[in-house]
1. Name every residue in segment 88-129 that is polar (S, T, N, Q) and within 14 Å of THR141 (Cβ to Cβ), in order of residue number.
2. Mind listing just one residue for me: the one in segment 20-32 that is crowded, with 17+ Cβ neighbours inside 10 Å and not polar (S, T, N, Q) and, of those, modelled with the lowest pLDDT?
3. Got at least one residue in segment 142-156 being touching a strand residue (DSSP E or B) at 6+ places or on another chain (Cβ under 6 Å) and polar (S, T, N, Q)?
4. Here are ILE85, ILE48, ILE66: which of them is in contact with a helix residue (DSSP H, G or I) (Cβ under 6 Å, 6 or more places away or on another chain), modelled with pLDDT under 90 and not in a helix (DSSP H, G or I)?
Amino acid sequence: MHVHLCLCFWFLKVWYIWFSLQGCLELLHRSGISIKGKRAVVVGRSNIVGLPVSLLLMKADATVTIVHSHTHNPESIIREADIVIAAAGQAMMIKGDWIKPGAAVIDVGTNAVDDPTKKSGYRLVGDVDFQEACKVAGWVTPVPGGVGPMTVAMLLKNTLDGAKRKIEQ
């Protein structure tokens, strides 16, 4: 019984992560941003976001480069990208001058930084310096409020699709 519950929770975690990745591509699609033939840079190589989203982008016919902690001169690579997916786990690592003018930037990172003006003592920021990125990027997701709500939307969409399939049987 214990093993069954552990597997069940593991699958739920995997599915929730899948919805986040699916949400990234849906954000691009719904914003009219074509992936096919574009140069995409994924910042971060985790098994949870970086590697899977890079595979999804390749499946959508993007040319994908992964930037990680041992990449030399990451800003020059990111500067060439039409699409940037930031998932490094480093607060405001990607500066505005690292971003190609007009690029689409999806910030998956969620980092807590000290902020004595907040009741909690911290605030959430992404891996991208949002204020700087807004001056250069053609499209950028905020943190919080970008990928998170889209993840929930994709979860609901897939639940509805599953219910429709069940009713049609």
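The values are calculated or read from the model by the stated rules, or taken from the named source; none is laboratory data. Model, not experiment: these values are computed from the prediction. Using ideal geometry, Cβ is built from the backbone for each residue, glycine included, and neighbour counts are taken over all protein chains shown.
1. Passing the criteria: only THR110.
2. LEU21
3. Within segment 142-156, none of the residues are touching a strand residue (DSSP E or B) at 6+ places or on another chain (Cβ under 6 Å) and polar (S, T, N, Q).
4. Result of the check over ILE85, ILE48, ILE66: ILE48.
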